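Below is one structure; the comments refer to it alone.
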Amino acid sequence: MLAMVSRADVVVADSSDCRLTIKVLPTEDVTKIPIQVSMTNSVPMTCVQCYLSTPDTTDLFFYTGENRGVAFTPSDRWASQHHTMFSWGTKKHPFAMMALVVSTLSENFKGTDGPLFKVYFDGSKLADGSYSIKMQDANMVWTDRRKITTYLTPDAEAPFSIQDGKLVVE
């Protein structure tokens, strides 16, 4: 993407018809609470990026395997070459997880509305109370490898609560 950006015309467009949203989904397992990121888009989109933060300032995301990869579930909107990159604690957002879904061949996501992916976090150490997952600096990009159009999304929160050690989705 960096090489592509250096040779491409970059435009930031009106995002009123294109946006990312975030939602905490119900589950019985508070050690693996799903966070769903969805996209509504009136034009084709190639990749998305956002920063997700949990109620605590520590990394509470759910990891799998020996390589400690972030547990995630892609949606059927992905094209064949869409891939993810997750990174905790970037310079700009030291207490958030960067989530990037990009196509190495500049393929567009399928459809115009619906979930893109789910990531999971461990809420088992949260005391009873009201919380939220925050999504910041979210953007969507369309490119044909010559032109790049970026669509910005306002910051958002997904509320939930823990009651008697169980997740309650509001």
(request) Have a look at Ile148, Ile133 and point out the one that is more than 21 Å from Gly69 (Cα to Cα) and among the β-branched types (Val, Ile, Thr). (result) Ile148
(request) Report, ordered by the first and then the second residue, all pairs with beta carbons closer than 6 Å, sequence separation of six or more or different chains, a first member in the range 30-52 that is surrounded by fewer than 19 Cβ atoms within 10 Å (Cβ to Cβ), and a second member that is among the small types (Gly, Ala, Ser) and part of a loop (DSSP other than H, G, I, E, B). (result) Val30/Gly123; Val30/Ser124; Thr31/Ser124
(request) Go over the candidates Thr150, Thr57 one by one and state the one that is among the polar types (S, T, N, Q) and not in a strand (DSSP E or B). (result) Thr57
(request) Give the residues of the range 94-104 that are open to solvent by 20 Å² or more (accessible area, probe 1.4 Å), of a type outside the set (S, T, N, Q) and outside any strand (DSSP E or B), sorted by residue number. (result) Pro94, Phe95
(request) Please enumerate the residues belonging to the range 129-170 that are among the acidic types (Asp, Glu) and open to solvent by 90 Å² or more (accessible area, probe 1.4 Å). (result) Asp155, Glu157, Asp164, Glu170
(message) Would you confirm whether or not the range 70-79 contains a residue that is touching an Asp or Glu at 6+ places or on another chain (Cβ under 7 Å) and either loosely packed, with under 13 Cβ neighbours inside 10 Å or in contact (Cβ under 8 Å) with a residue 24 or more places away in the chain (or both)?
(response) yes
(message) What's the number of the only condition in (1) open to solvent by 30 Å² or more (accessible area, probe 1.4 Å); (2) touching a helix residue (DSSP H, G or I) at 6+ places or on another chain (Cβ under 9 Å) that Phe62 fails to meet?
(response) (2)
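The values are calculated or read from the model by the stated rules, or taken from the named source; none is laboratory data. What you are looking at is a predicted structure, and each value in this text was computed from that prediction instead of being measured. So basically every Cβ, Gly included, is an ideal-geometry build from the backbone, and we count neighbours across all protein chains shown. Quick note on the areas: whole protein, heavy atoms, side chains included, nothing else; ligands and nucleic acids left out. Shrake-Rupley method; radii C 1.70, N 1.55, O 1.52, S 1.80 Å.
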